[in-house]
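The values are calculated or read from the model by the stated rules, or taken from the named source; none is laboratory data. Keep in mind the model is a prediction, meaning the values are calculated, not measured. Positions of Cβ are backbone-derived with ideal geometry, glycine not excepted, and every protein chain shown enters the neighbour counts. Keep in mind that these areas ignore ligands, DNA and RNA; they rest on the heavy atoms of the full protein, side chains included. Shrake-Rupley method; radii C 1.70, N 1.55, O 1.52, S 1.80 Å.
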Amino acid sequence: MKVPRMLVAAVLIAGSVGWMTLQAPSRFPHARHAKLFPTCAGCHAGILSGDSTQDFPTMASCARCHDGKIERQVTWSPPARRASNLKFSHLAHVDRARRAGVSPACASCHGLGGDTTRWMRVAGASPDACIACHAHRAPQHLADAAVCTTCHVPVAQARGLSVAELAAFPRPPSHDTPGWA
């Protein structure tokens with residue numbers, strides 16, 4: 001069966017757009033709001049307080065400006081929790097920074113492309129950012145000496161990941177030895 005070139009091109013373009021969307025730093029236009037909110041806590045107060053109901057702004061708080069008169073009305077809802085096998089607490093990291101006498105710097109982990117200097121260049125945290133600070137616990141991330149449970153939950157507790165997705169994660173060589181489990 002011969003596949004038309006236009007169909008192949010359309011599939012490739014759609015796949016590329018989908019991939020770029022997955023790699024997008026954030027679907028919220030942080031840069032457009034940079035002058036309105038002097039700190040991340042202006043919209044993400046729950047991160048610093050531990051109140052997960054305030055991790056993201058409510059539609060009502062957005063409507064203070066986006067009321068159709070001051071700014072156009074918008075519909076917005078917080079993102080769904082991502083599938084993960086990580087054990088992570090923003091509050092624990094914020095508390096650790098405060099105890100060390102350091103102001104919690106959200107951009108340290110969420111700066112786009114490692115850029116921690118430009119305000120509101122927001123992205124998801126990358127494993128490289130985690131390892132940069134926690135190298136003392138796992139000198140080599142996938143080394144047999146690494147303590148996986150420092151950062152990862154047991155497989156049975158992984159949230160929203162299929163067996164195939166978990167199996168695709170990189171693993172240390174020790175996992176391939178007979179009787180490892």
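A few remarks follow.
- Some residue of the range 115-132 being of a type in the set (Phe, Trp, Tyr), modelled with pLDDT under 80 and in a loop (DSSP other than H, G, I, E, B): yes
- First in the range 155-178 and closer than 21 Å to GLN140 by Cα, second anywhere and of a type in the set (Phe, Trp, Tyr) and part of a loop (DSSP other than H, G, I, E, B), Cβ under 7 Å, 6 or more apart: SER174/TRP180
- Checked against the criterion of being farther than 22 Å from GLY160 by Cα and of a type in the set (Lys, Arg), the range 78-95 has no qualifying residue.
- Residue tally, condition in contact with a strand residue (DSSP E or B) (Cβ under 9 Å, 6 or more places away or on another chain) and open to solvent by 50 Å² or more (accessible area, probe 1.4 Å), over the range 29-39: 1
- Complete set of residues in the range 128-176 that are loosely packed, with under 12 Cβ neighbours inside 10 Å and either acidic (Asp, Glu) or closer than 25 Å to ALA41 by Cβ (or both): ASP128, ASP144, ASP176
- Being modelled with pLDDT of 80 or more and open to solvent by 50 Å² or more (accessible area, probe 1.4 Å) is a property that ALA105 lacks.
- Residues located in the range 50-95, provided they are farther than 24 Å from HIS134 by Cβ, assigned to a helix (DSSP H, G or I) and open to solvent by 60 Å² or more (accessible area, probe 1.4 Å): THR53, GLN54, MET59, ALA60
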